[in-house]
Amino acid sequence: MKSDVLCNQLSNELGIMVDPTRLSKYEARGIIRTPRKLGKYKDYSDNDYDRIKKTVLLSEFGVHLDDVRRYLMGVQTPELEEVFKDRIRKLDKLVQLGRAVWNITPTV
C-alpha cells in the first residue's frame, strides 16, 4: 500500500490527520521499518498499517513515542497502563465539564 493511500485510509478510519511527515517520524523512531519498493515509494504491509494505527492512537492519548515503540516490541510497562488510566480520567473530566458548560444532556 502506498503512503498516500495509507494516510488517507488511516485519516478516514480514525478521524485523525495522518500525513507522510508523521509516518517519517515513526520510521525515524524505529516504530515502523518499511522497505522501499521501486523508486522512492514505500510498500506498507497490513502489519505496518496495524502498527501505525496503534501508534497514532497512542500518540493522541499522549503516550511518548519511545513508550509506544517499547509497547509494540512487546515490553509491558506498568507506566503505560497508568498513562492510559490518567488520560481516560482527564478526558472524562473534560467531557463532564463540557456538558455542564454547554448544558448538554448525555444520550443513552
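The values are calculated or read from the model by the stated rules, or taken from the named source; none is laboratory data. What you are looking at is a predicted structure, and each value in this text was computed from that prediction instead of being measured. Reconstructed Cβ throughout: ideal geometry from the backbone, glycine too, with neighbour counts over all protein chains shown. Protein only, heavy atoms only, side chains kept; ligands, DNA and RNA dropped before computing areas. Shrake-Rupley method; radii C 1.70, N 1.55, O 1.52, S 1.80 Å.
Given the rule -39500 (n - 2.57) for each run of at least 4 DSSP H residues, summed and divided by the residues of the chain, what is its mean residue ellipticity at 222 nm, to the nearest 500 deg cm²/dmol? Numbers along the way, then the final one.
On the way: 5 runs with 68 residues, N = 108.
So the helix-based figure for the chain works out to -20000 deg cm²/dmol.
Expressed as a whole percentage, what fraction of the accessible surface of the stretch 1-66 belongs to carbon and sulfur atoms when a 1.4 Å probe is rolled over the protein heavy atoms?
Details: 2030 of 4030 Å².
Carbon and sulfur together cover 50 percent of it.
Find the accessible area per residue for the chain; the probe is 1.4 Å, ligands and nucleic acids are left out, and the unit is Å². Don't skip to the end; give the middle numbers.
On the way: 7680 Å² over 108 residues.
Ligands and nucleic acids excluded, the result is 71 Å² per residue.
Going by Cα centres, the stretch 1-27 and the stretch 80-108 are how many Å apart?
27
If you place +1 on the Cβ of every Lys and Arg and -1 on the Cβ of every Asp and Glu, how big does the dipole about the Cα centre of the chain come out, in debye to the nearest 20?
Working: 20 positive and 16 negative charges, 50 e Å.
Around 240 debye, computed over the chain.
Using only the alpha carbons of the stretch 1-59, what is the convex hull's orientation-averaged projected area in square nanometres? Walk me through the intermediate numbers first.
Numbers: hull surface 14.5 nm².
Convex hull of Cα atoms, orientation-averaged projection: 3.6 nm².
Using the 2.2 N^0.38 Å rule of thumb for compact globular proteins, work out how the chain stacks up: its C-alpha Rg over that value, please.
Details: Rg = 16.9 Å, N = 108, 2.2 N^0.38 = 13.0 Å.
Rounded to two decimals, the normalised Rg is 1.30.
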